[in-house]
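I have placed the structure first, in the form of C-alpha coordinates, so that the comments after it can refer back to it.
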Amino acid sequence: METKIYPASQGYTFPAEWVKHTATWLSWPHKEESWPGKIETIYKPYCEFIKIVAEGELVRINVADANMEAFAKGELTKVGADLGKIEFFHFPSNDAWCRDHGPAFLINTATNEKQIVDWGYNAWGGKYPPFDLDDVIPTKIGERFGLPVYNPGIVMEGGSVDFNGAGTILTTTACLLNENRNPHLTKKQIEDYLKNYYGAKQILWLGDGIVGDDTDGHIDDITRFVNHDTVVTVVEENEDDENYHILQENLETLKTFRLLDGKPLNIVELPMPSPVVYDGQRLPASYANFYIANSAVIVPTYRDKNDEKALRILQECFPDRKVVGIDSTDIIWGLGSFHCLSQQEPAII
(Lines give C-alpha, C1' and ligand atoms only; values in the text may rest on other atoms or scores of the structure.)
Protein backbone atom coordinates (compact mmCIF):
# COMPACT_ATOMS: atom_id res chain seq x y z
CA MET A 1 0.00 0.00 0.00
CA GLU A 2 1.29 3.46 -0.90
CA THR A 3 2.47 5.53 2.06
CA LYS A 4 0.95 9.01 2.07
CA ILE A 5 3.47 11.85 2.19
CA TYR A 6 2.45 14.69 4.49
CA PRO A 7 3.90 18.21 4.69
CA ALA A 8 5.13 17.60 8.25
CA SER A 9 7.22 14.61 7.22
CA GLN A 10 8.93 16.81 4.61
CA GLY A 11 9.86 19.45 7.16
CA TYR A 12 7.03 21.92 6.51
CA THR A 13 5.32 23.88 9.27
CA PHE A 14 2.78 26.68 9.60
CA PRO A 15 4.72 29.63 11.09
CA ALA A 16 3.47 31.85 13.89
CA GLU A 17 1.68 34.99 12.71
CA TRP A 18 4.44 37.28 13.99
CA VAL A 19 7.03 35.70 11.67
CA LYS A 20 7.88 38.00 8.75
CA HIS A 21 5.27 38.06 5.98
CA THR A 22 5.69 38.38 2.24
CA ALA A 23 2.07 39.53 2.04
CA THR A 24 -1.36 39.59 3.60
CA TRP A 25 -4.20 38.06 1.59
CA LEU A 26 -7.75 39.42 1.59
CA SER A 27 -10.98 38.81 -0.33
CA TRP A 28 -12.72 42.11 -1.09
CA PRO A 29 -16.08 42.43 0.76
CA HIS A 30 -19.03 42.49 -1.60
CA LYS A 31 -21.73 40.24 -0.15
CA GLU A 32 -24.46 42.54 1.10
CA GLU A 33 -26.14 39.74 3.08
CA SER A 34 -23.06 39.62 5.32
CA TRP A 35 -23.59 43.26 6.31
CA PRO A 36 -27.31 43.74 5.69
CA GLY A 37 -28.11 47.42 5.28
CA LYS A 38 -24.58 48.38 6.26
CA ILE A 39 -21.97 47.20 3.76
CA GLU A 40 -21.23 50.71 2.48
CA THR A 41 -20.12 51.71 6.00
CA ILE A 42 -17.37 49.09 6.29
CA TYR A 43 -15.16 50.18 3.41
CA LYS A 44 -13.51 53.06 5.26
CA PRO A 45 -12.28 51.03 8.28
CA TYR A 46 -11.49 48.06 6.01
CA CYS A 47 -9.34 50.26 3.78
CA GLU A 48 -7.68 51.88 6.81
CA PHE A 49 -6.71 48.35 7.86
CA ILE A 50 -5.20 47.71 4.42
CA LYS A 51 -3.36 51.03 4.51
CA ILE A 52 -1.62 50.13 7.78
CA VAL A 53 -0.77 46.58 6.71
CA ALA A 54 0.68 47.88 3.43
CA GLU A 55 3.17 50.03 5.35
CA GLY A 56 5.13 46.87 6.09
CA GLU A 57 4.25 44.29 3.44
CA LEU A 58 2.36 43.60 0.23
CA VAL A 59 -1.41 43.27 0.38
CA ARG A 60 -2.90 40.82 -2.10
CA ILE A 61 -6.63 41.09 -2.68
CA ASN A 62 -8.97 38.64 -4.38
CA VAL A 63 -11.60 40.42 -6.48
CA ALA A 64 -14.26 39.17 -8.90
CA ASP A 65 -13.29 41.24 -11.93
CA ALA A 66 -11.95 44.55 -13.23
CA ASN A 67 -15.02 46.45 -12.01
CA MET A 68 -14.54 45.29 -8.41
CA GLU A 69 -10.83 46.06 -8.66
CA ALA A 70 -11.58 49.60 -9.82
CA PHE A 71 -14.07 50.10 -6.99
CA ALA A 72 -11.54 48.80 -4.45
CA LYS A 73 -8.82 51.12 -5.75
CA GLY A 74 -11.21 54.04 -5.45
CA GLU A 75 -12.01 53.23 -1.82
CA LEU A 76 -8.33 52.66 -0.98
CA THR A 77 -7.38 55.98 -2.56
CA LYS A 78 -9.86 57.78 -0.27
CA VAL A 79 -7.87 56.72 2.81
CA GLY A 80 -4.47 57.35 1.24
CA ALA A 81 -3.37 53.72 0.96
CA ASP A 82 -0.22 53.03 -1.06
CA LEU A 83 -1.57 51.34 -4.20
CA GLY A 84 2.00 50.44 -5.14
CA LYS A 85 1.99 47.92 -2.29
CA ILE A 86 -1.40 46.40 -3.22
CA GLU A 87 -1.91 43.65 -5.80
CA PHE A 88 -5.22 42.39 -7.18
CA PHE A 89 -6.09 38.90 -8.35
CA HIS A 90 -9.24 38.08 -10.30
CA PHE A 91 -10.23 35.14 -8.12
CA PRO A 92 -13.98 35.52 -7.39
CA SER A 93 -15.12 34.77 -3.85
CA ASN A 94 -18.51 34.26 -2.21
CA ASP A 95 -17.60 36.30 0.86
CA ALA A 96 -14.80 38.23 2.55
CA TRP A 97 -13.59 35.89 5.32
CA CYS A 98 -10.15 35.06 3.95
CA ARG A 99 -8.87 33.70 7.27
CA ASP A 100 -11.19 30.75 6.80
CA HIS A 101 -11.25 30.19 3.04
CA GLY A 102 -7.81 31.50 2.14
CA PRO A 103 -4.60 29.49 1.68
CA ALA A 104 -2.71 28.03 4.63
CA PHE A 105 0.92 28.70 3.70
CA LEU A 106 3.60 26.31 4.96
CA ILE A 107 7.33 26.99 5.06
CA ASN A 108 10.31 24.65 5.02
CA THR A 109 13.12 26.64 6.61
CA ALA A 110 15.77 24.07 5.63
CA THR A 111 15.03 24.20 1.90
CA ASN A 112 13.49 27.71 1.69
CA GLU A 113 10.40 26.35 -0.01
CA LYS A 114 6.71 27.17 0.37
CA GLN A 115 3.58 25.06 0.00
CA ILE A 116 -0.18 25.56 0.45
CA VAL A 117 -2.79 23.50 2.26
CA ASP A 118 -6.26 23.80 0.73
CA TRP A 119 -8.55 22.59 3.50
CA GLY A 120 -12.20 21.98 2.73
CA TYR A 121 -14.46 24.95 3.44
CA ASN A 122 -18.22 24.72 4.03
CA ALA A 123 -19.10 28.20 5.40
CA TRP A 124 -19.03 27.16 9.06
CA GLY A 125 -21.11 24.04 8.77
CA GLY A 126 -23.15 24.98 5.70
CA LYS A 127 -24.67 28.09 7.30
CA TYR A 128 -24.19 30.47 4.37
CA PRO A 129 -24.35 28.85 0.94
CA PRO A 130 -23.08 29.12 -1.70
CA PHE A 131 -19.40 28.74 -0.81
CA ASP A 132 -18.01 26.99 -3.90
CA LEU A 133 -15.95 29.99 -5.01
CA ASP A 134 -14.42 30.44 -1.56
CA ASP A 135 -13.56 26.75 -1.36
CA VAL A 136 -11.21 26.86 -4.38
CA ILE A 137 -9.35 30.11 -3.58
CA PRO A 138 -6.25 28.39 -2.10
CA THR A 139 -5.77 26.14 -5.12
CA LYS A 140 -6.13 29.11 -7.51
CA ILE A 141 -3.46 30.99 -5.57
CA GLY A 142 -1.20 27.93 -5.61
CA GLU A 143 -1.60 27.60 -9.38
CA ARG A 144 -0.93 31.31 -9.90
CA PHE A 145 2.35 31.17 -7.96
CA GLY A 146 3.42 27.67 -8.96
CA LEU A 147 3.23 26.31 -5.43
CA PRO A 148 2.39 22.70 -4.50
CA VAL A 149 -1.12 22.41 -3.01
CA TYR A 150 -2.26 19.75 -0.57
CA ASN A 151 -5.93 18.83 -0.25
CA PRO A 152 -6.48 16.98 3.05
CA GLY A 153 -10.17 16.44 2.22
CA ILE A 154 -11.59 17.65 5.54
CA VAL A 155 -13.09 20.93 6.68
CA MET A 156 -10.74 23.23 8.58
CA GLU A 157 -10.95 27.01 9.02
CA GLY A 158 -8.01 29.29 9.68
CA GLY A 159 -9.80 31.08 12.50
CA SER A 160 -10.27 27.82 14.40
CA VAL A 161 -6.55 27.35 15.08
CA ASP A 162 -3.80 29.51 16.57
CA PHE A 163 -0.07 28.75 16.45
CA ASN A 164 2.93 29.46 18.66
CA GLY A 165 5.45 28.56 15.94
CA ALA A 166 7.09 26.03 18.27
CA GLY A 167 4.88 22.99 17.70
CA THR A 168 1.72 23.93 19.58
CA ILE A 169 -1.76 24.66 18.22
CA LEU A 170 -4.63 26.11 20.25
CA THR A 171 -8.20 25.28 19.21
CA THR A 172 -11.68 24.64 20.62
CA THR A 173 -13.82 21.56 20.95
CA ALA A 174 -16.90 23.67 20.20
CA CYS A 175 -15.69 24.22 16.64
CA LEU A 176 -13.48 21.34 15.56
CA LEU A 177 -15.62 18.65 17.19
CA ASN A 178 -18.87 20.16 15.91
CA GLU A 179 -20.89 17.61 13.95
CA ASN A 180 -21.38 20.16 11.14
CA ARG A 181 -17.68 20.04 10.21
CA ASN A 182 -16.20 16.53 10.13
CA PRO A 183 -18.69 14.19 11.86
CA HIS A 184 -16.83 11.11 10.61
CA LEU A 185 -13.65 12.01 12.51
CA THR A 186 -12.70 11.46 16.13
CA LYS A 187 -10.78 14.00 18.21
CA LYS A 188 -7.63 11.90 17.79
CA GLN A 189 -8.07 11.78 14.00
CA ILE A 190 -8.51 15.56 13.83
CA GLU A 191 -5.34 15.98 15.89
CA ASP A 192 -3.52 13.73 13.43
CA TYR A 193 -4.61 15.94 10.52
CA LEU A 194 -3.40 19.06 12.34
CA LYS A 195 -0.04 17.45 13.09
CA ASN A 196 0.46 15.98 9.62
CA TYR A 197 -0.50 19.07 7.64
CA TYR A 198 0.54 21.92 9.95
CA GLY A 199 3.68 20.31 11.37
CA ALA A 200 2.40 20.58 14.94
CA LYS A 201 3.47 18.34 17.81
CA GLN A 202 0.80 19.28 20.36
CA ILE A 203 -2.88 20.32 20.26
CA LEU A 204 -4.34 22.21 23.23
CA TRP A 205 -8.14 22.25 23.42
CA LEU A 206 -10.27 24.97 24.94
CA GLY A 207 -14.06 24.67 25.20
CA ASP A 208 -16.64 27.18 23.99
CA GLY A 209 -16.34 30.42 22.08
CA ILE A 210 -18.05 33.72 22.80
CA VAL A 211 -21.76 34.43 22.44
CA GLY A 212 -22.77 35.63 18.97
CA ASP A 213 -19.95 33.80 17.20
CA ASP A 214 -21.58 32.05 14.24
CA THR A 215 -18.41 30.01 13.62
CA ASP A 216 -19.25 27.76 16.59
CA GLY A 217 -16.35 28.98 18.68
CA HIS A 218 -13.30 30.13 16.74
CA ILE A 219 -10.17 30.46 18.84
CA ASP A 220 -9.28 33.84 17.30
CA ASP A 221 -12.11 35.49 19.22
CA ILE A 222 -10.96 34.25 22.63
CA THR A 223 -7.28 33.26 23.00
CA ARG A 224 -4.20 34.10 20.91
CA PHE A 225 -0.50 33.40 21.12
CA VAL A 226 1.62 36.58 21.25
CA ASN A 227 4.91 34.69 21.51
CA HIS A 228 5.91 31.03 21.80
CA ASP A 229 4.93 30.70 25.48
CA THR A 230 2.49 33.56 26.08
CA VAL A 231 -1.21 33.94 25.27
CA VAL A 232 -3.68 36.76 25.65
CA THR A 233 -7.16 35.59 26.57
CA VAL A 234 -10.33 37.64 26.88
CA VAL A 235 -12.20 37.74 30.19
CA GLU A 236 -15.55 39.28 31.04
CA GLU A 237 -15.70 41.39 34.22
CA ASN A 238 -19.48 41.49 34.50
CA GLU A 239 -20.66 38.31 36.23
CA ASP A 240 -24.15 38.79 34.79
CA ASP A 241 -22.89 38.79 31.20
CA GLU A 242 -23.54 35.57 29.29
CA ASN A 243 -19.85 35.37 28.34
CA TYR A 244 -18.63 35.47 31.94
CA HIS A 245 -18.67 31.77 32.80
CA ILE A 246 -17.57 30.66 29.31
CA LEU A 247 -14.46 32.83 29.50
CA GLN A 248 -13.71 31.96 33.13
CA GLU A 249 -13.80 28.30 32.19
CA ASN A 250 -11.40 28.93 29.31
CA LEU A 251 -9.09 30.85 31.65
CA GLU A 252 -9.02 28.00 34.16
CA THR A 253 -8.33 25.48 31.38
CA LEU A 254 -5.44 27.58 30.08
CA LYS A 255 -3.85 27.44 33.53
CA THR A 256 -3.71 23.63 33.31
CA PHE A 257 -1.92 23.53 29.95
CA ARG A 258 1.76 22.64 29.64
CA LEU A 259 3.86 23.31 26.55
CA LEU A 260 6.17 20.77 24.94
CA ASP A 261 8.97 21.73 27.34
CA GLY A 262 6.66 21.08 30.30
CA LYS A 263 6.29 24.74 31.23
CA PRO A 264 2.93 26.44 31.81
CA LEU A 265 1.67 29.23 29.59
CA ASN A 266 2.19 32.85 30.48
CA ILE A 267 -1.37 34.18 30.48
CA VAL A 268 -2.24 37.83 29.89
CA GLU A 269 -5.87 38.79 30.45
CA LEU A 270 -7.61 41.08 27.94
CA PRO A 271 -10.90 42.78 28.78
CA MET A 272 -14.05 42.37 26.73
CA PRO A 273 -15.93 45.36 25.35
CA SER A 274 -19.45 46.02 26.56
CA PRO A 275 -22.01 44.04 24.53
CA VAL A 276 -22.27 45.26 20.95
CA VAL A 277 -25.84 44.77 19.75
CA TYR A 278 -27.24 45.66 16.34
CA ASP A 279 -30.76 45.06 15.12
CA GLY A 280 -31.44 43.03 18.28
CA GLN A 281 -28.47 40.69 17.72
CA ARG A 282 -25.51 40.27 20.06
CA LEU A 283 -22.36 40.48 17.96
CA PRO A 284 -19.06 38.63 18.60
CA ALA A 285 -17.12 41.76 19.51
CA SER A 286 -13.70 40.88 20.94
CA TYR A 287 -10.30 42.51 21.16
CA ALA A 288 -8.70 39.10 20.52
CA ASN A 289 -9.52 39.35 16.80
CA PHE A 290 -6.39 41.43 16.15
CA TYR A 291 -4.05 40.88 13.19
CA ILE A 292 -0.25 40.76 13.52
CA ALA A 293 1.26 42.43 10.45
CA ASN A 294 4.97 43.06 9.81
CA SER A 295 5.00 46.61 11.12
CA ALA A 296 1.83 46.81 13.21
CA VAL A 297 -0.76 44.95 15.23
CA ILE A 298 -4.24 46.07 14.16
CA VAL A 299 -6.89 45.73 16.85
CA PRO A 300 -10.67 46.07 16.47
CA THR A 301 -12.17 48.72 18.74
CA TYR A 302 -15.83 49.34 19.54
CA ARG A 303 -16.25 52.91 20.85
CA ASP A 304 -16.00 51.36 24.30
CA LYS A 305 -14.47 52.31 27.66
CA ASN A 306 -12.16 49.27 27.44
CA ASP A 307 -10.73 50.13 24.01
CA GLU A 308 -7.72 52.00 25.40
CA LYS A 309 -7.05 49.39 28.08
CA ALA A 310 -7.01 46.61 25.48
CA LEU A 311 -4.66 48.58 23.20
CA ARG A 312 -2.32 49.29 26.12
CA ILE A 313 -2.14 45.61 27.12
CA LEU A 314 -1.47 44.50 23.55
CA GLN A 315 1.20 47.17 23.09
CA GLU A 316 3.04 45.66 26.05
CA CYS A 317 2.80 42.25 24.35
CA PHE A 318 4.25 43.56 21.07
CA PRO A 319 7.02 46.02 21.99
CA ASP A 320 8.55 45.75 18.49
CA ARG A 321 5.38 46.77 16.65
CA LYS A 322 2.99 49.70 16.84
CA VAL A 323 -0.45 48.67 18.05
CA VAL A 324 -3.24 50.44 16.16
CA GLY A 325 -6.93 50.42 16.99
CA ILE A 326 -9.48 50.73 14.18
CA ASP A 327 -13.19 51.16 14.85
CA SER A 328 -14.82 47.81 14.05
CA THR A 329 -18.34 48.65 15.21
CA ASP A 330 -19.71 48.41 11.67
CA ILE A 331 -17.44 45.59 10.50
CA ILE A 332 -18.48 43.34 13.41
CA TRP A 333 -22.05 43.39 12.06
CA GLY A 334 -20.64 40.87 9.58
CA LEU A 335 -19.82 38.68 12.63
CA GLY A 336 -16.04 38.97 12.27
CA SER A 337 -13.22 41.49 12.28
CA PHE A 338 -9.66 42.05 11.07
CA HIS A 339 -8.20 38.63 11.86
CA CYS A 340 -11.19 36.89 10.27
CA LEU A 341 -10.75 38.99 7.13
CA SER A 342 -7.03 38.33 6.58
CA GLN A 343 -4.55 35.50 6.00
CA GLN A 344 -0.79 35.94 6.16
CA GLU A 345 1.69 34.65 3.61
CA PRO A 346 4.96 34.04 5.46
CA ALA A 347 8.23 35.07 3.88
CA ILE A 348 11.04 32.70 2.97
CA ILE A 349 14.01 34.19 4.81
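Values computed for the structure shown
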read-out: Counted residues, the stretch 45-96 - those being in a helix (DSSP H, G or I) and free of Cβ contacts under 8 Å to residues at least 60 places away in the same chain; value: 19
read-out: Among (1) touching a residue at least 40 places away in the same chain (Cβ under 8 Å); (2) in a loop (DSSP other than H, G, I, E, B); (3) within 28 Å of VAL155 (Cα to Cα) - the single one PHE105 does not satisfy; value: (2)
read-out: Selection from the stretch 1-40 of residues that are in contact with a helix residue (DSSP H, G or I) (Cβ under 7 Å, 6 or more places away or on another chain) and assigned to a loop (DSSP other than H, G, I, E, B); value: TYR6, PRO7, PHE14, TRP28, PRO29, HIS30, TRP35, LYS38
read-out: Test result for ASP118, under 20 Å from THR13 (Cα atoms), within 19 Å of the chain's Cα centre (by Cα) and among the charged types (D, E, K, R); value: yes
read-out: Any hit, the stretch 43-58, residues being under 30 Å from ALA8 (Cβ atoms) and of a type outside the set (A, V, I, L, M); value: yes
read-out: Members of the stretch 226-246 that are of a type in the set (D, E, K, R), free of Cβ contacts under 8 Å to residues at least 60 places away in the same chain and surrounded by 14 or more Cβ atoms within 10 Å (Cβ to Cβ); value: GLU236, ASP241
read-out: Residue pairs meeting the criteria (Cβ under 6 Å; at least 6 apart or on separate chains; first surrounded by fewer than 16 Cβ atoms within 10 Å (Cβ to Cβ), in the stretch 318-329; second at pLDDT 95 or above and not in a loop (DSSP other than H, G, I, E, B)); value: LYS322/ALA296; ASP327/PRO45; ASP327/THR301
read-out: Matching helices (runs of 4 or more DSSP H) fully within the stretch 124-231 where at least 3 residues are within 28 Å of GLU269 (Cα to Cα); value: 173-176, 187-198
read-out: Test result for THR329, in a helix (DSSP H, G or I), modelled with pLDDT of 95 or more and hydroxyl-bearing (Ser, Thr, Tyr); value: no
read-out: Any hit, the stretch 250-265, residues being in a strand (DSSP E or B) and either out of contact with any His (no Cβ under 7 Å at 6 or more places or on another chain) or in contact (Cβ under 8 Å) with a residue 60 or more places away in the chain (or both); value: yes
read-out: Candidates PRO7, PRO15, filtered to the one that is surrounded by 17 or more Cβ atoms within 10 Å (Cβ to Cβ), under 25 Å from TYR193 (Cβ atoms) and within 16 Å of the chain's Cα centre (by Cα); value: PRO15
read-out: Within the stretch 165-192, considering residues that are crowded, with 19+ Cβ neighbours inside 10 Å and not hydrophobic (A, V, I, L, M, F, W, C), the one nearest to the chain's Cα centre (by Cα); value: THR171
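Residue-wise test of (1) touching a His at 6+ places or on another chain (Cβ under 7 Å); (2) among the small types (Gly, Ala, Ser); (3) over 26 Å from PRO284 (Cβ atoms); (4) modelled with pLDDT of 95 or more.
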position	(1), (2), (3), (4)
THR109	no, no, yes, no
TRP124	no, no, no, yes
ILE137	yes, no, no, yes
LYS140	no, no, yes, yes
GLY146	no, yes, yes, yes
SER160	yes, yes, no, yes
ASN164	yes, no, no, yes
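Yes/no per residue for (1) touching a strand residue (DSSP E or B) at 6+ places or on another chain (Cβ under 9 Å); (2) without any contact (Cβ under 8 Å) to a residue 12 or more places away in the chain; (3) aromatic (Phe, Trp, Tyr):
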site: ASP162; (1), (2), (3): yes, no, no
site: GLY165; (1), (2), (3): yes, no, no
site: LEU185; (1), (2), (3): no, no, no
site: LYS188; (1), (2), (3): no, yes, no
site: TYR197; (1), (2), (3): yes, no, yes
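The values are calculated or read from the model by the stated rules, or taken from the named source; none is laboratory data. Nothing here was measured: the structure is a model prediction, and the numbers come from that model. So basically every Cβ, Gly included, is an ideal-geometry build from the backbone, and we count neighbours across all protein chains shown.
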